[in-house]
1. Give the relative contact order (percent, whole number) for the chain; include only Cα pairs under 8 Å separated by 6+ residues.
2. Zone of PHE72 (label point 7 Å along Cα→Cβ, backbone N under 17 Å): which residues in segment 23-55?
3. Within 10 Å, count the other beta carbons around each residue, average over each peptide in 101-113, 57-69, and list them highest first.
4. Using only the alpha-carbon atoms of segment 108-199, report the extent along each of the three principal axes, biggest first, to the nearest angstrom.
5. If you take every DSSP beta bridge whose two residues both sit in segment 2-207, what share of them, in percent to the nearest 5, is antiparallel?
6. Using the 2.2 N^0.38 Å rule of thumb for compact globular proteins, work out how the chain stacks up: its C-alpha Rg over that value, please.
7. Could you order peptides 186-196, 141-151 by the average number of other Cβ atoms within 10 Å of their residues, highest first?
8. State which entries of LYS185/LYS205; LYS5/LYS62; LYS62/LYS135 exceed 19 angstrom in Cα-Cα distance in the structure shown.
Amino acid sequence: MYSVKEIFYSLQGEGSQSGRASIFCRFTGCNLWSGREQDREKAVCNFCDTDFIGTDGQNGGKFATAAELCSFLSRFWPENSQQPPYIIFTGGEPALQLDQALVDQCHQDGFEVAIETNGTKPLPQNIDWICVSPKADAEIIITSGDELKLVYPQALTSPEQFQDMAFNEFYLQPLDGPARAMHTKDTLAYCLKHPQWKLSLQNHKVLGID
Ligand code: SF4
């Protein structure tokens, strides 16, 4: 059974695949925060701006099998497209639910599979695009992949902790919130001083799209 908060079709707004048409499948639940405001202060990750509780979002629901979920996901891709559907599994923490059966079913149905994970949980094999976004002092076990995207600054973590890991690309993304302008300035300064890191902006927020 897969519990999905919401599914929508949009452009990827962040990181290396920014601007790419994507089907987003947001799973419910996260291992670093309950998602309830009363728990935020004592959560491992306390700056989250995503609602990942329940299955009541747009096109959310429970899916009994991987085939059922894939069949539903495929409806969001433009008909007659020559491009294979590009699915981003996100959350919450998608690794709590994304399993080998779902990855295999996606491939069987001709999808390309991406994940945006906090890196603290094991992943199934053969995911086509792995983006790890470490949070606070949570230990990450996924230390290789396509991109590492770090929200910056974070009190309990720094880019230096990740710079030697086996990712193809390294992104810093300004921490959102009331101090976003200052965080953006700090992020720019860090990237200029450390060219290994590229700036990632949340273009969907800048442009005001979903
Ligand atoms: S790890 Fe991601 S989904 Fe979980 S609380 Fe942090 S930002 Fe939110």
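Only the coordinates and a few stated rules stand behind these numbers; no lab work does. Predicted model only: the values in this text are computed from it and were never measured. Here Cβ is always computed from backbone atoms with ideal geometry, including for glycine, and neighbour counts include all displayed protein chains.
1. Relative contact order comes out at 18 percent.
2. From segment 23-55, the list is 23-29, 52-55.
3. Answer by packing, highest mean first, reads 101-113, 57-69.
4. 45, 26, 26 Å, listed from the longest principal axis down.
5. Antiparallel: roughly 30 percent of the beta bridges in segment 2-207.
6. Relative to the rule-of-thumb radius for its length, the chain sits at 1.00.
7. Peptide ranking by packing, descending: 141-151, 186-196.
8. LYS62/LYS135
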